[in-house]
Amino acid sequence: MKTRKDANIQKHIPKPRRNPRWGKEEETNIFAERVKLFRTGKLSEDDFRRFRLQHGAYGSRLQMDYSMVRIKVPGGEILPVQLEKLASLSEAFSIGSAHVSTRQNIQLHWVQLEDVSEVMRGLVEVGLTSREACGNTIRNVMCSPLAGVCPDEQFDSTPYSKAIARFFLRNPMCQNLPRKFKINFACCEKHGLVRIADIGLVPMTKDGSQGFRIYLGGGLGAASFIGYLLEEFTSEEKLLPTCMAVVRLFDRNGNRENMARNRMRYLVNEMGWEKFQKMVLKERSIVMMTTAQSTESMFNLSAEEEDQYLPKENRYGTKLRMFSERNSSNTNAYDRWVHSNVIAQKQAGYYTVFVTLGAGDVTANQLRVLAGTIRELSMEGAARNTPQQNFAIRFVNGNDLPEFFNRLASVGLSNPGALTITSAVGCSGTTSCNLAITNSHRLAKEIQYKFLELGLDTDDMLFDSTIKISGCPNSCGQHEIATIGFFGGASRIGSVMAPTYTMLFGGSSGERGELGRVVMRVPAKRVIDTVLNIIEIYRKERGEGETLRQWIDQVLRGEAIGSIRDVEDIKRALAAVVQLPPVDQQPESYQDYGSDVRFTAKTAKGECAA
Amino acid sequence: MKLKRSLSMDSQKKETLSGRGSGLESEYHSTPDTVCDVNTLSVLIRKKNVRVVDVRKEEEYAKEHIPGAVSLPLARILEKESPTHCIELLQDIGVNEDLPVVTYDDTFGALAARVAWTFQYIGHQHSSILEVTFSQWKNMGFRTEKKSNSYKWQPHPLKINQSIYADLAYVEKVSSNKVLVDSRERLNFLSEHIPEAVNLPYTMLRADGRVLSKGDDIRRFLQNRGIHENSELVTYCGSVGTLSGLVYYGLKLAGLKNVRLYARSFKEWKALGKPKTEFKDANYWDLSAE
Ligand code: HEM
Ligand code: SF4
């Protein structure tokens with residue numbers, strides 16, 4: 001077996017990583033001091049809350065003594081040494097597991113407020129930060145996990161996403177926006193959450209020069225909107241001025257009174273797109289005329305390369321491993337995993353491996369093994385966290401895949417289905433969120449477990465469908481961009497309250513992304529059966545070569561060809577499965593997942609906007 | 001409310017104990033009644049001026065152990081919880097009042113801590129835990145041996161040290177200065193704990209590659225929680241005082257003077273039906289990826 005020496009490939013392999021230094025040591029100490037001031041009554045609750053959110057710490061469900069620390073992973077790229085640090089921090093200060101979110105953050109739950117500064121201290125050591133991960137700021141800047149390896153992309157948008165993130169982090173112009181603000185980069189028109197962000201960007205080249213298609217004013221929430229295209233092409237030079245202009249407009253005109261309607265999408269819709277568009281273009285020319293060079297120089301596409309090396313980072317450079325002689329004990333499991341977790345990159349001979357997690361949860365030990373595997377088997381020596389709450393490890397040599405699989409298997413990470421319908425997304429729900437009505441998190445895991453057991457990951461016709469679940473209408477689980485989405489609520493059934501979900505059909509992401517449409521309510525304990533029922537019906541009804549997702553789109557349009565033609569038909573077909581027997585016959589059907597007591601919808605003040 | 005560095009006396013002793021002091025971690029050195037670093041132990045072993053106690057299972061000891069170590073599994077200490085039984089065990093491994101004892105295990109220091117604490121409780125002043133586990137000792141390239149060791153019986157007086165011990169009555173006694181420290185992991189603590197206890201999980205006090213963090217770090221954790229030097233801390237865990245034994249040593253390392261171990265811990269508390277604080281409003285267990 002020869003080692004591959006393809007100049008073309010070598011070119012794509014980044015240099016050894018340096019400390020990106022997103023974090024700042026002094027913020028750690030300031031945070032610790034503020035906690036003491038707050039605890040001794042010298043700092044008001046409101047002031048402290050604002051400060052805390054600015055630094056990435058949410059309150060936990062009905063227990064404000066504990067925080068959820070949201071760690072930003074700008075552009076979604078995370079290094080082995082950072083994963084190892086997260087492992088240690090999760091053991092020391094959290095619950096021994098970390099959690100991959102739907103916006104490329106990694107979260108540590110149930111951290112005692114007094115320890116948040118210690119978590120921050122650890123983050124600084126490896127160059128990470130939780131600063132501006134919550135609060136009315138520019139949240140983590142996302143980038144498609146396939147950026148740089150996607151066969152359909154025009155160029156790699158990763159450096160742009162990081163430069164934008166770095167430009168706005170701690171920037172005085174966005175420390176106190178009317179509301180949170182989200183920026184998402186795609187790799188191509190298919191992959192990326194560009195239409196559900198305040199600013200969504202798709203890289204494209206025009207006449208040989210690089211630039212973006214920029215969408216504005218999208219976003220999910222209790223009321224969701226799809227973003228509008230600003231102009232056909234925004235050149236690279238105008239990237240920063242455009243973003244600055246939008247942020248400035250929002251800062252100036254956004255609604256600061258009504259918390260429920262103050263995302264930028266409301267501004268856009270109240271004003272009307274044409275008017276907003278004109279204002280952005282005008283503001284942009286002002287920005288371009290008035291922005292000092294010193295400001296522009298803060299936008300630096302290669303900022304990270306000037307930084308120092310990370311401690312302990314131990315990469316094996318471009319050394320290729322030989323074919324692994326070790327036989328995987330179960331070849332079938334391996335094939336199944338390759339089929340649904342591995343995709344070919346545009347760089348011939350290299351693959352991106354998706355690591356299946358359960359609703360984003362990963363233990364400290366798994367993180368450590370993952371870090372070691374990345375060091376040795378990924379030629380770029382980094383991972384990306386994905387909005388599907390998984391990890392993507394890129395630049396894996398095809399010959400190393402069996403070894404990769406074996407290592408994952410050694411810590412229970414070798415589940416198949418990462419890129420299929422089985423990998424359900426679930427927000428944190430009642431496991432930690434103040435606003436949660438249902439245990440969306442556990443439901444996502446239950447679905448994954450059941451669907452893998454049934455082997456649904458092996459059915460290629462279900463491949464392009466997704467399931468996403470939120471524990472309330474707020475959309476943190478992005479249920480509106482799922483093929484089949486669910487958001488949690490409570491319904492009276494007979495004389496008792498039961499946890500239920502509102503089911504939506506037909507959401508999608510990418511540049512042509514659409515929001516799902518509400519179909520019907522489903523009791524929590526009937527969700528799995530309902531989805532299985534839908535799949536069964538689909539299998540009977542589908543047209544030649546039609547995938548589940550395509551069929552659902554047909555149903556939504558009322559154009560399906562079988563006996564089920566439209567949404568009303570499918571509601572009728574599902575009427576039986578969503579029925580619950582009386583509570584005295586089946587009390588557990590009226591309880592939520594993870595609970596053996598009678599269901600009550602308990603919530604407290606959310607901090608999404610504070 | 002700054003915690004004073006209270007280890008000055010100990011650091012003097014360190015000089016004489018560790019000899020050349022070629023420490024791996026210069027900030028982190030042995031103190032005779034808390035934690036013993038690997039270099040100090042090597043020197044002590046060479047000078048034959050220490051009793052090294054292997055508290056793992058006998059089979060594990062038989063395979064391989066630190067040179068000169070004797071086997072005394074934790075189970076033997078616990079089989080009869082009487083001080084006279086324990087003092088006999090100490091005498092049988094040839095420990096007199098002056099000989100330093102260093103315990104080790106392969107269970108992140110928790111078993112070693114429980115044994116070392118017991119020796120202190122029955123009146124042995126110089127008993128500490130090794131800063132690493134047996135596996136780490138080996139990985140660092142230190143020597144091991146296979147031959148089984150025994151030592152001549154030595155006299156050792158029994159002097160119960162009540163100041164490091166807490167029983168149920170002590171835990172229940174109301175005192176404004178007393179802080180109950182629950183040493184279990186976060187999810188266990190959230191599920192149920194003794195009312196008013198604070199959570200200082202043992203996982204928080206350990207470091208990469210060592211069984212305990214540096215005293216300075218632990219001191220800062222305590223400061224963050226508003227716990228000060230004069231507080232009286234009582235540690236407990238889920239069963240027999242192992243995890244809380246480790247936390248006991250962590251607190252000593254941080255320089256706290258008044259620390260006690262509630263050896264019968266939450267197990268006794270629950271068995272007696274004492275009141276508990278429970279948190280049932282969140283399904284936090286479902287976040288665990290275990
Ligand atoms: C009214 C309050 C809230 C609203 C409107 C809201 C809305 C959203 C939306 C729309 C997202 C989605 C993803 C996206 O934009 O692509 C999101 C993400 C998220 N939210 Fe919320 N949220 C609220 C409160 C909370 C609270 C209280 C928590 C829990 C402490 C929470 C936890 C999360 C998490 C874990 C994510 C995952 C994505 C990330 O990393 O940012 N949210 N939120
Ligand atoms: S969707 Fe609702 S339940 Fe889920 S994290 Fe967001 S606010 Fe909480």
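The values are calculated or read from the model by the stated rules, or taken from the named source; none is laboratory data. The structure presented is a predicted model; accordingly, all values stated were derived computationally and were not measured. Here the Cβ is made from the backbone with ideal geometry for all residues, glycine too, and neighbour counts use every protein chain on show. The protein model used for the area step is the full one, side chains on, heavy atoms only, and it has no ligands, DNA or RNA in it. Shrake-Rupley method; radii C 1.70, N 1.55, O 1.52, S 1.80 Å.
With semi-axes defined as the square roots of five times the eigenvalues of the C-alpha gyration tensor, the equivalent ellipsoid of segment A:358-420 measures 17, 13, 12 Å, largest first. Dividing the C-alpha radius of gyration of the protein assembly as shown by 2.2 N^0.38 Å, with N its residue count, gives 1.02.
Peptides B:61-72, B:210-221 ordered by packing proxy, namely the average of other Cβ atoms within 10 Å per residue, highest first: B:210-221, B:61-72. Accessible surface for B:GLU58 stands near 100 Å², nearest 10, in the context of the full protein assembly shown (1.4 Å probe).
Run the accessible area of chain B with a 1.4 Å probe and give the carbon-and-sulfur part as a rounded percent.
On the way: 6180 of 12590 Å².
Ligands and nucleic acids excluded, carbon and sulfur reach 49 percent.
Summed over the residues of chain B and divided among them, the accessible surface reaches 43 Å² per residue at a probe radius of 1.4 Å.
In the frame of its principal axes, segment A:39-91 has Cα extents of 40, 24, 20 Å, reported largest first. Report summary: the helix-based calculation at 222 nm, which adds -39500 (n - 2.57) for every DSSP H run with n ≥ 4 and divides by the residues of chain A, gives -9500 deg cm²/dmol.
Using a simple spin-label model with pseudo-atoms 7 Å out from Cα toward Cβ, B:LYS257 and B:TRP285 lie 4.4 nm apart.
Across all directions, the average projected area of the convex hull around the alpha carbons of segment A:25-125 is 6.3 nm².
Rg then Dmax, both in Å and based on the Cα atoms of segment A:132-234: 13.6, 41.
Quick check: net charge around A:ASP529, other residues with Cβ under 11 Å of its Cβ, Lys/Arg +1 and Asp/Glu -1?
Working: positive: A:LYS450, A:LYS525, A:ARG526; negative: A:GLU536.
Charge balance in the 11 Å sphere: +2.
Applying Stokes-Einstein at 4 °C and 1.567 mPa s to the Kirkwood radius of segment A:150-306, computed over alpha-carbon pairs, gives a translational diffusion coefficient of 81 µm² s⁻¹.
The 1.4 Å probe gives accessible areas that order B:LYS257, A:LYS36, largest first, as B:LYS257, A:LYS36. Computed over the Cα atoms, what is the radius of gyration of chain B divided by 2.2 N^0.38 Å, N being its residue count? In units of the globular-protein estimate, chain B measures up at 0.99.
Protection proxy ranking for A:385-397, A:420-432, A:291-303, B:79-91, using the average of other Cβ atoms within 10 Å per residue and placing the highest first: A:420-432, A:385-397, B:79-91, A:291-303. Binning the C-alpha pair distances of segment A:418-466 at 10 Å intervals from 0 yields a P(r) profile of 29, 42, 23, 6 %, listed from the shortest bin outward. For segment B:165-278, the spread of Cα coordinates along the three principal axes comes to 37, 28, 22 Å, biggest extent given first. Accessible-area loss of 40 Å² or more (1.4 Å probe, protein heavy atoms, chain alone versus all protein chains) is found in segment B:269-290 for B:PHE279, B:ASP281, B:ASN283, B:ASP286, B:LEU287, B:ALA289. Peptides A:461-468, A:343-350, ordered by how many other C-beta atoms sit within 10 Å of their residues on average, highest first, read A:461-468, A:343-350. Averaging 1/r across all pairs of distinct Cα atoms in segment A:425-590 and inverting the result yields a Kirkwood radius of 16.1 Å.
Shape call for segment A:454-517 from the C-alpha gyration tensor, a ≥ b ≥ c root eigenvalues: rounded (a/c under 1.5), prolate (a/b greater than b/c) or oblate? Because a/c hits 1.5 or more and a/b fails to exceed b/c, segment A:454-517 counts as oblate.
Shielding value for A:93-100 is 5, the average number of Cβ atoms from other chains within 10 Å of each residue's Cβ.
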